[in-house]
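K.L.:
One structure is given below, represented as structure tokens, and several questions about it will come after.
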Amino acid sequence: MKYGNDPGPLIELEFWQNKADNLNSIHEQLQSVEVKNILRFLEGNKSTYNTISVRGITHFVQGEAIFQMIDEWEREAKMFH
């Protein structure tokens, strides 16, 4: 905020109330039956996923993160495909 443009304490309270409302909404969504069913499915199927960056691939398996440099991953991918 620019100097001299102080919105006052009521605007600050409104800002933080909106933040709290957003967090409460997210919390409620995470407690929903649908989300719990999805989590149960993923856990039961030993779900895994990957993220990719310029440096490499991170493979997540049952809460464990395994990082592999991109050139290593490319070599292995060529061997199996």
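Just so it is clear, none of the values below were taken in a lab; they were calculated from the coordinates. None of these values were measured; they are calculated from a predicted model. Reconstructed Cβ throughout: ideal geometry from the backbone, glycine too, with neighbour counts over all protein chains shown.
K.L.:
Give me the extension gain from Glu72 to Glu28: residue separation times 0.36 nm, minus the current Cα-Cα distance, reported in nm with one decimal.
P.N.:
That works out to 11.7 nm of additional length.
K.L.:
Could you calculate the FRET efficiency of Asn37 with Gln17 from 1/(1 + (r/R0)^6), where r is the beta carbon distance between them and R0 is 35 Å, rounded to 0.05?
P.N.:
Values: r = 32 Å, r/R0 = 0.90.
For R0 = 35 Å, the calculated efficiency reads 0.65.
K.L.:
Return one number: the angle in degrees, 0 to 90 and rounded to the nearest 10, between the long axis of the Cα atoms of helix 33-44 and the longest principal axis of the Cα atoms of the chain.
P.N.:
30
K.L.:
Using Cα pairs under 8 angstrom and six or more residues apart, how large is the relative contact order of the chain, in percent?
P.N.:
Value for the chain: 14 percent.
K.L.:
Candidates (i) 17.3; (ii) 12.6; (iii) 15.8; which is the computed Kirkwood radius over Cα pairs in Å?
P.N.:
So the calculated entry is the one marked (i).
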